[in-house]
Amino acid sequence: MLISDSKKFIFIHNYKVAGTSITHALYPYGTTAFTKLEWLDNLLIASKLMPKKYISKLPKHLRTPLVQSHLSKTIFDTYFKFGFVRDPWDYQVSLYHFMLKDKSHPEHQMMVDMPNFDKYIEWRVRPENCRLQKEFFYNQAGECLVNFIGKYEDLHQDFQKICTQLNIKAALPHLNKSKKNKSYLNYYSPKSIDLIYEHFQEDLKVFGYEKPI
């Protein structure tokens, strides 16, 4: 998550949608990371020199309903809020590779022990593991809380729309780019394609994605 007071925006950082690159591009306008020292954060907050909303320990991947609960109604309602989503089939391949690569990830060893990608999808669609991208931007009543949701597939075009809206100039670097040596659909069997289609229907409908086969 990144908040800017100077340009009055809130970037909601969904997983695996070039969020690190977007944060890097917009960081010069941000006001969320005054310091990395917790004791100094607390001192500044206590002395009212730094609003509580800027505490640096807020999670990077904070969902919009929780962001709303941390901010005043005036700020949340008036700031331009945006984020990005990704094709659910491609999204899961990228997430799978990320967990395999990052040894510090809590589910890294589980991914290493998975016999294949199909088994990962079977695990992912269990009710306790199934996480919709919609949850980043909608509340439980089904209300969209952000002003703009871009698509990873149109990343550069949609990012420039945001820059135009905010009247800023920024370019996206290529950071945290996952390394896949084949098309994401090559990871899937017909069964695992159907599992994503069945369990991620809300994302498909809300964000306009279609079953690839």
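What follows draws every value from the coordinates through simple rules; no lab data is involved. Keep in mind the model is a prediction, meaning the values are calculated, not measured. In this analysis, Cβ positions are derived from the backbone assuming ideal geometry, glycine residues included, and neighbour counts consider all displayed protein chains.
Of V112, V125, the sequence from fewest to most neighbouring Cβ atoms within 10 angstrom is V112, V125. Look at I149, I22 and count the other Cβ atoms within 10 Å of each Cβ; fewest to most, that gives I149, I22. For the residue pairs K60/K211; K103/K161; K60/K134; K7/K60, the C-alpha atoms sit more than 24 angstrom apart in K60/K211; K103/K161.
Among the GluC sites (Glu not before Pro) within the range 100-130, which fall in a DSSP loop and have no more than 12 other Cβ atoms within 10 Å of their own Cβ? Passing both the DSSP loop test and the Cβ count: E128.
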